[in-house]
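Let me begin by presenting the structure, written as structure tokens, before commenting on it.
What follows is calculated from the coordinates using simple rules that are stated; it is not laboratory data. Everything numeric here is computed off the predicted structure, so don't read it as measured data. When we count neighbours, we look across all protein chains shown, and the Cβ atoms used for this are built from the backbone with ideal geometry, even at glycine.
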Amino acid sequence: MDITIDVEDYKLNVRAAAIIIHEGKVLVHKNVKTNYYALMGGRISIGEDSATTAIREVKEELGKEIELIGCASTIENFFEMKDSKYHEILFVYLAEFVNEDDKKITTTMKNIEGKDYLQYEWLDISKIDTYPLYPLVAKDIIKNKKFPIHVIHNELN
């Protein structure tokens, strides 16, 4: 069971994400039904640690093995989506593909779980500020390459 809990008028969401950087680009996911990008990852399951979640999510979504090479950030993210307020704790890891052939991928990838609305794209880091990437603080984390950091991002105030 994923860790998403209704608390008063908030949803508490606990997630993990992986940042894979290759040739000046970062791999992110996009729901083609929306106009924004997000860090690749997903909700942590109860009893599962965040590192395992990041690895599992990439395997489930892309069928690719990754290894974590460091902690990038912990983001406390407050935002509203679909008429719900969220308090999200997001653990972000630096990662790279294990397979040498996977390390050469530069094209858009499709979700292998049957979620045809999700695709995975490489965004040019030198133009990261021009993309609608959420949470917004992820742009600074990726650009500045100073790890690890802890950020509180509150869109509700």
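Computed quantities for the displayed model
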item: Distance (nanometres) between label positions extended 7 Å along Cα→Cβ at Lys115 and Lys82; result: 1.1 nm
item: Cα centroid separation, region 16-33 to region 70-135 (Å); result: 4 Å
item: Listed residue pairs exceeding 19 Å between alpha carbons, taken from Lys11/Lys64; Lys25/Lys110; Lys64/Lys115; result: Lys11/Lys64
item: Residues Met40, Met1, Met81 arranged by fewest to most Cβ contacts within 10 Å; result: Met1, Met81, Met40
item: Residue with peak Gaussian network fluctuation, the chain [Cα springs, cutoff 10 Å], from Lys110, Lys59, Lys82; result: Lys82
item: Efficiency of FRET between Thr4 and Val32 - r from beta-carbon atoms, R0 30 angstrom, step 0.05; result: 0.85
item: Percent of alpha-carbon pairs separated by more than 19 Å within the chain; result: 53 percent
item: Label point distance in nm, Asn144-Thr107, each placed 7 Å from Cα along Cα→Cβ; result: 3.7 nm
